[in-house]
Amino acid sequence: MFKTSFISVFKSVDLASRRIPVIMQKADKPGPTIWVVAAIHGDEVTGIETVLRLNRFLKRNNFEKGTVYTLPVMNPLGYELVNRYMPIEYQDLNRCFPGSHSGSGAERITAKIFSEIVKTKPELVIDLHTDTMESIPYIYLDQVLDSQDKHLVEKILKYSKISGINYFVENIKTYQKELQNTITGALINIAKIPSFTIELGGPLVVKPKFVEIGLNSIKNILSHLGMIKTIKPLWNYSHKTPLDGLYEIIWQQYSSDYSGIVEYKVQPGDIVKKDQPLARIKNLFDKTIQIIKAKGDCIVVSYADQSVCFPGTELFTIAKKNDKAFQFIK
């Protein structure tokens, strides 16, 4: 069964309806329910094409069992204006979950999305995002805050491992309370539904390579759940960085102390050692002003989309090993 519907958001001043499209595909046999959602940030568009390709794949191939729901664009207003935020109130929709039916405009939208997902009792929710232009594909795992939810942690880790790409856990020491209000954070810690984010390259334009990576990751999970024909062997990203154990992600690290031109010395996906040069800051006469070095062993996840820096400009996102990155897992 293939069915389209809409989540009604509001009516514009010209009485035009603003709606979020929902696509549902259901196999003949009962099975797990999965959601794949995209473009809650309107300028992060690769996930849209990934969702469309997923639906095309399910229609053309033998969909064995279960139900797949997709939201290709959760922030249509932001998408139309090439804007990360919900432009009416300039709010980040992905900091407004679980929302409120009597709250701000953004909270009313997220409450409708959240309710629509939760009522289906899904086995897993996958939220598609993008990082920077120079980024590896990876899964971002929110912290599970309730110490009683060990089973939830185990499920999240299991599906992450099956995905075929690297996965990193949110750093508990730098945990921001507002991240509880992302769609995945709220689904995990309020609804107790396994969820994670897949970051697929950079924003603004669709990246075909990352569409393929995202689609293959999702197929791996559907295959594991028996929802599609079994994939043997499971797909594995050819440039996946081999890591031993859990790694925690630390956003936008290693800031410059000076203004200058940034000359990156490493690539996303590189494993670097303590004191290894990451970037050279130089002036227009090619004189070195600063060498930014790794503070410890880590993997380079991404770096900033810019060649100029100023004092305090944060340049790198890195991940470091921590087998206790999920604070409640043994």
Please find, in a Gaussian network model of the chain (springs between Cα atoms separated by less than 10 Å), the residue of LYS207, LYS59, LYS320 whose mean-square fluctuation is greatest. LYS59
Quick check: Cα centre of the stretch 66-142 to Cα centre of the stretch 305-325, how many Å? 25
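So what's the projected area for the chain, the Cα convex hull averaged over all directions, in nm²? Before the final figure, lay out the partial values.
On the way: hull surface 72.6 nm².
Hull-based average projected area comes out at 18.1 nm².
Could you order peptides 251-261, 124-134 by the average number of other Cβ atoms within 10 Å of their residues, highest first?
Ranking, from highest mean packing down: 124-134, 251-261.
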Protection proxy ranking, peptides 31-38, 96-103, 236-243, average beta carbon neighbours within 10 Å, highest first: 31-38, 96-103, 236-243
Listing SER8, SER104, SER135 by rising number of other beta-carbon atoms within 10 angstrom, fewest first, gives SER8, SER104, SER135
Separation of alpha-carbon centers, the stretch 2-55 and the stretch 177-241, rounded to whole Å: 16
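Within 10 Å of each residue's Cβ, count the other Cβ atoms and sort LEU200, LEU81, LEU93 from fewest upward.
LEU81, LEU93, LEU200
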Would you mind checking LYS11/LYS112; LYS59/LYS119; LYS274/LYS321; LYS59/LYS229; LYS65/LYS192 for any pair whose Cα atoms are more than 20 angstrom apart? LYS59/LYS119; LYS65/LYS192
Using 10 Å bins from zero, what percent of all Cα-Cα pairs in the stretch 278-322 falls into each bin? 22, 53, 21, 4, 0
Counted neighbours (other Cβ, 10 Å), sorted fewest up, put GLU49, GLU64, GLU314 in the order GLU314, GLU64, GLU49
Relative contact order for the stretch 2-224 using alpha-carbon pairs under 8 Å, separation at least 6, rounded to a whole percent? 23
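Since every read-out is calculated from the coordinates, none of them should be taken as a lab result. Since we're looking at a predicted model, the values are computed, not measured. Neighbour counts are summed over all protein chains in view; Cβ atoms, including those assigned to glycine, are modelled from backbone coordinates with ideal geometry.
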